[in-house]
Amino acid sequence: QRILRLAELCRRLETEEEKVLPFYPSSLAEEELQDARRVLEETPVEPLAWVMQDYVGLERFWQRFNKAKLEEKVLEQVQEALLKRNQHLRKLLNQYLEGVTVSQNVLKEPHCL
């Protein structure tokens, strides 16, 4: 119940995009989706299935949790790529500045030839 209350509170902080399209589209085919819905509507016969019905309300929570984890991984990859790009640009900048410094030193010194 506590998790469900927290989920309701978090809903207020969602962006409009998250409210309209909260999850990624399913990768299941239409026939597979229908099979999954049919199984969910059947009365469970196994004890574990009975217990799992108590947690159906948490399905949205786990969807959001998994979406947040996926987005976190994507952001980590983007950050890593940006760090590599930054290192590359710093290296190019240092090479350029070394070239400029050498040119200025050559200009200051009298020609020895």
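The values are calculated or read from the model by the stated rules, or taken from the named source; none is laboratory data. What you see is a predicted model, and the numbers here were worked out from it, not measured in a lab. Here Cβ is always computed from backbone atoms with ideal geometry, including for glycine, and neighbour counts include all displayed protein chains. Just so you know, the surface numbers come from the protein's heavy atoms only, side chains and all, with ligands and any DNA or RNA stripped out. Shrake-Rupley method; radii C 1.70, N 1.55, O 1.52, S 1.80 Å.
Given a 1.4 Å probe, how much area per residue of the stretch 27-108 is accessible, in Å²?
That works out to 94 Å² for each residue.
What is the local net charge at A7, summed over the other residues whose Cβ is closer than 9 Å to its Cβ (Lys, Arg +1; Asp, Glu -1)?
Charge balance in the 9 Å sphere: +3.
Over all alpha-carbon pairs in the stretch 44-86, figure out the percentage whose distance exceeds 15 Å.
62 percent
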